[in-house]
Every structure is written in C-alpha cells, then in structure tokens.
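A short worksheet on the structure shown next.
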Amino acid sequence: MQQASGRKIGWVSAAAIVVANMVGTGVFTTLGLQLESLRSTWSILLLWLMGGVFSLFGAFSYAELGTKLPRSGGEYHFLSRIYHPFVGYLSGWVSLTIGFAASVTLAALAMGAYMSKFLAVSPQLIAVSTVIVISLVHSVNIRQSSHFQNTFTALKLLLIVFFILACFLMAPNGQPLEESAAWHSELGKPAFAVALVYVIYAFSGWNAAAYIVEEIEDPARNLPRALIGGTLTVGILYVLLQLAFLQQATVDQLQGKLEVGQIVAEVMFGTTGGRLISFFIALFLVSSISAMIWVGPRVVRAMANDYAIWRFLAQDNRSGIPVRAVWLQAAISIMMILISTFKEVFFYSGFVLQLVTTAAVAGLFVMRWKNGHKGYSSPGYPWVQLVFLAFSFWMLGVLLYDKPKESLWGLANLGLGAISYWLSKDYLSAGHPNGKK
C-alpha cells in the first residue's frame, strides 16, 4: 500500500482509514438481528444495497465539503464554518464524548467477547488492554500509524475476500431463504425500517478521511478518491458477504445471533476451523479500533485550537501527533467499557451521531448558497443530497420512535455540550473559525 510521505499520507492510506472505520462489528453481527423479522433473501440484500447507496451519497457530499473547507476536524469544522461556531462546537462535543469513543468501545467489547473464548481472561480486560496498546501505537508518529493501519486493514480485507470465496465455492449446507415475490410484503413492515438502522450502523465510518484532511497529500484530489473509493469497496464486499452467509447457514442458525461470522465458519469448517476463523475476526477488529483512535483525536485537537477551555489538549508531539487528545479519547472509551453494555453504547450514540451527519450534508446547500460554487462538485448534486437527507430524517424518526430513551439521552448529551460552550466563550483568537475575537 502507499506509504506516508513525511507527515502526509496518500489517498490509498486515507482510503484504508475509511475502510478500517467501516468494516467492524456490524458486518459480522447485524444479519442475525435482521433475520428476527425478515425471511426473504431479496429483502436482506436490498437492505445492504440501500445502506451502500446511502453511504456513497454521503461520501459524495463530504468529498465536496472537505475539498472546500480543507481543515481536519470533520463535522466540527464544517458546521462551524457553514452555520455558526456553536453548531460546530456541539458536533465536536459529540465526537469528544460519545462519537469516536463509543465506536472504539463497541469494537473493543466485540473483540473482547470473541477473544475471551480463546483466552482465560475477562472480555473487559481484553477490551481495555487493546485500547491502551493501540493508543500507544498512535502516540508516536504518522508514519508508524500509517504502517500499522495499512497492514491490519489489508489483512482484514483478505479475511473478508477469503470468507466470500469459501462460501460461494463450497456446497451450501443449509436451505435457501424465501426467494419468491413475497419479499415485497416485507418492505412495508416496521421491522424493515429498524433493520435498515442496523445496516446503516454497519456502514458507519464512510466519512473518516474528512477528519484528517490536513494529513492527506493534495486533499483537493485525494480526499474524494479516498472517500468514494473506500466506500465503494466496502459496499461491494458487504453485499457479497451477506449473500455468502445466507448461502451457508439457515435462518434458524443465524436468527437473533450476534456471532454470525463464527456460526457460518463452524458450519463450513467444523468447530476447530470455525474457532480459528472467529479468532481472526476478533484479531482484525484491531484495524477498526486503530482507525478510530487515529481519527477521533483530530477533532479534539481542532476544538482545542479554537476554545480556551480545551487548550490543554492542543499540544502535539514533535511528530505532529495530538497525544493528549489520543489519551483523553482512550480514557473515555475505557470508562464506557467498564460501565456500559454493547447495546447501551450503540443506541445511546446512534441517534445524535446521525443527527450531526444530517446537518453536515444539509450544510452543502447552505455553503453553495452563501459562497457560490467552484472547484470539486459532488456527483449528482442536488438529488444525491436530497435522497440522503430524506433517508436520514426517516431513520431519525425510526430511532426516536423505537428507542426513545436512548435517543433522548443522546439529546441530553447535546444539552451538556451547550452548557460547556457557554463556559468556553473565551475563544483562542488565532484559531477561531470566524476569525479573531
């Protein structure tokens, strides 16, 4: 893979960040939850196709936002410049408190659950140790982070490709799912909407490269390539992988189960082979954790440059790594690992993170209205953005209806962010998004 040059990384390394953020716990767990209410192969595959298209449309939008507002920080920077510093601050607060830290927690908890089957160690201890070790790796320099990230992402992709080929080349073990026209009736069920929320979670991370714009060589050219190329790659692999799973295992074997990859592996290779594949699935979650530990602190550093209350986090080491921000995020993740469950973290963070992404895509309209248009243009504008926003508002409604307690806790977190904003109105003049105080 392409390596970093000096303090910058090329588009392949940036795309690896996107892939590593996207390919995590969701692709190996959510199929079993979808099969609790849906039976048709076509319904399941449509869910994953919709998730891929939704993510690709988001990547189109973020590519334009990132090339026109080329500063690391993702939504924090976008929303500060497009709407108001207060809106951007809330986005950064979400990233600081639950965004990347929650994603690290989910992946680490999943890894701990898998690895505890092989090691006589508690899942929590494995999860905490993993966060600490990977945070150490990303506390040195960008080149080391790039090598580490590229290696584990490549291994993860090889595992997925192996899984897909093995499932299609080996004779099916189970009965196929319902493939008749009856699948049409499932599209109108509330369960289809809930299942799509799980799929969108599995695709989350498609915007990762937008958080490290300043660390990418020639971002006007390479950021769109990284965002779109990484999202397309994952979308194709995801659809093929779910179809491969459905080729090998029955509905009864997968229904309601989280460890889908392990179940399919045991069906294909027996108990010993299945446990070995399960071990590799757990090991390659390192790539997802690594990517989020790399990307998340860049949002914290951007906030620290702009707001005096976070000034102590603004300092980089000699290699340009925001070490204090790395370890703040690690501390939050470890706290979540110790006091929360997988589902609690997932639903708590889901609503408010989707809300922030929706605001960013809508901001593309506002940015063009304020500043006109020149430079890189999102493919399919404005229809791509309108479709994305329609789906996003629909998902927010589903989450608020189906998981009101968790969604309201997410909104309460925004309230705490608003309080901290008013406590931090003494901006750093040199870094404030709107110029000097």
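From (1) more than 18 Å from the chain's Cα centre (by Cα); (2) at negative phi, pick out the condition that doesn't hold for Thr233.
Checking Thr233 against (1) more than 18 Å from the chain's Cα centre (by Cα); (2) at negative phi, the one that fails is (1).
For the stretch 421-437, how many residues are modelled with pLDDT of 80 or more and not in a helix (DSSP H, G or I)?
Within the stretch 421-437, residues that are modelled with pLDDT of 80 or more and not in a helix (DSSP H, G or I) number 0.
Has the stretch 343-363 got any residue that is surrounded by fewer than 19 Cβ atoms within 10 Å (Cβ to Cβ) and without any contact (Cβ under 8 Å) to a residue 12 or more places away in the chain?
yes
To keep it simple, each residue is scored yes or no on (1) touching a strand residue (DSSP E or B) at 6+ places or on another chain (Cβ under 8 Å); (2) of a type in the set (Lys, Arg); (3) at pLDDT 80 or above; (4) under 30 Å from Leu65 (Cα atoms).
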| site | (1), (2), (3), (4) |
| --- | --- |
| Gln175 | no, no, no, no |
| Glu178 | yes, no, no, no |
| His184 | no, no, no, no |
| Leu187 | no, no, no, no |
| Ala191 | no, no, no, no |
| Leu196 | no, no, yes, yes |
| Ala202 | no, no, yes, yes |
| Tyr211 | no, no, no, yes |
| Asp218 | no, no, yes, yes |
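Only residues that are among the small types (Gly, Ala, Ser), modelled with pLDDT of 80 or more and in a helix (DSSP H, G or I): list them for the stretch 111-135, please.
If the condition is that a residue be among the small types (Gly, Ala, Ser), modelled with pLDDT of 80 or more and in a helix (DSSP H, G or I), then Gly112, Ala127, Ser129, Ser135 are the ones that fit.
For the stretch 386-420, enumerate the residues that are part of a helix (DSSP H, G or I) and charged (D, E, K, R).
Asp402, Lys405, Glu406, listed by residue number.
Just one of (1) without any contact (Cβ under 8 Å) to a residue 60 or more places away in the chain; (2) of a type in the set (D, E, K, R); (3) crowded, with 18+ Cβ neighbours inside 10 Å trips up Glu259, so point out which.
So the condition that Glu259 fails would be (1).
Inspect all residues belonging to the stretch 230-253 and state whether any of them is in contact with a helix residue (DSSP H, G or I) (Cβ under 8 Å, 6 or more places away or on another chain) and either assigned to a loop (DSSP other than H, G, I, E, B) or under 25 Å from Ser129 (Cβ atoms) (or both).
yes
Residue by residue through the stretch 82-98, note down the ones that are within 15 Å of the chain's Cα centre (by Cα) and surrounded by 24 or more Cβ atoms within 10 Å (Cβ to Cβ).
Residues satisfying the conditions are Val94, Ser95, Leu96.
The values are calculated or read from the model by the stated rules, or taken from the named source; none is laboratory data. This structure is a prediction, so every number in the text was calculated from the model and none was measured. As a convention, Cβ positions derive from the backbone with ideal geometry for all residues, glycine included, and neighbour counts pool all protein chains shown.
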